[in-house]
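Working notes, structure below.
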Amino acid sequence: MFSRRKIIATTACMLLLSVASVSHAQQRVKLEANLSGNTLASGKAKFESRGNRQKFSVEIEDAAANTRYRVDVRNSAGLVFRAVMRTNALGGFDLNRDTLLGQSVPSISAGDRVIVFDLAARRVLLQGTF
């Protein structure tokens with residue numbers, strides 16, 4: 001017959017193993033893409049996933065001031081995400097999405113492409129691959 005201490009010790013070990021399993025299941029995925037093009041502008045895109053939380057950001061700088069740009073994320077199957085942003089007076093913008101804030105975040109994988117399209121000039125400004 002099991003003593004009370006053995007039962008408590010066994011239960012504690014089982015709890016520790018289940019916590020270790022949960023923390024292992026919450027692996028961190030972190031992807032980055034440098035955005036470049038035939039321009040002085042530059043940028044970076046980041047995607048991070050850990051457990052139920054996902055974050056996605058795109059930032060550009062040194063682009064035309066007060067100009068609208070479309071940000072697309074594409075994988076081999078097609079369009080994954082689209083947003084329209086306007087640069088500030090210094091020619092930059094920051095696009096930030098976070099599921100912790102209740103925002104939808106696209107599912108992004110290595111090999112997906114980020115394209116920043118100049119809506120006024122009708123051309124690709126920057127692009128890069130995660």
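The values are calculated or read from the model by the stated rules, or taken from the named source; none is laboratory data. From a predicted model like this one, the values you see are computed outputs, not experimental measurements. Note that we place each Cβ from the backbone using ideal geometry, even for glycine, and neighbour counts take in every protein chain shown.
Structure notes:
- All positions within the stretch 68-78 that are of a type in the set (S, T, N, Q) and either at pLDDT 95 or above or not in a loop (DSSP other than H, G, I, E, B) (or both): ASN75
- Within the stretch 79-109, tally of residues that are in contact with a strand residue (DSSP E or B) (Cβ under 6 Å, 6 or more places away or on another chain), farther than 18 Å from SER42 by Cβ, touching a residue at least 24 places away in the same chain (Cβ under 8 Å) and in a loop (DSSP other than H, G, I, E, B): 3
- Unmet criterion (only one of (1) in contact (Cβ under 8 Å) with a residue 60 or more places away in the chain; (2) surrounded by fewer than 17 Cβ atoms within 10 Å (Cβ to Cβ); (3) not in a loop (DSSP other than H, G, I, E, B)) for GLY128: (2)
- ASP118 under 13 Å from the mean Cα position of the chain (by Cα) and either surrounded by 13 or more Cβ atoms within 10 Å (Cβ to Cβ) or among the charged types (D, E, K, R) (or both): no
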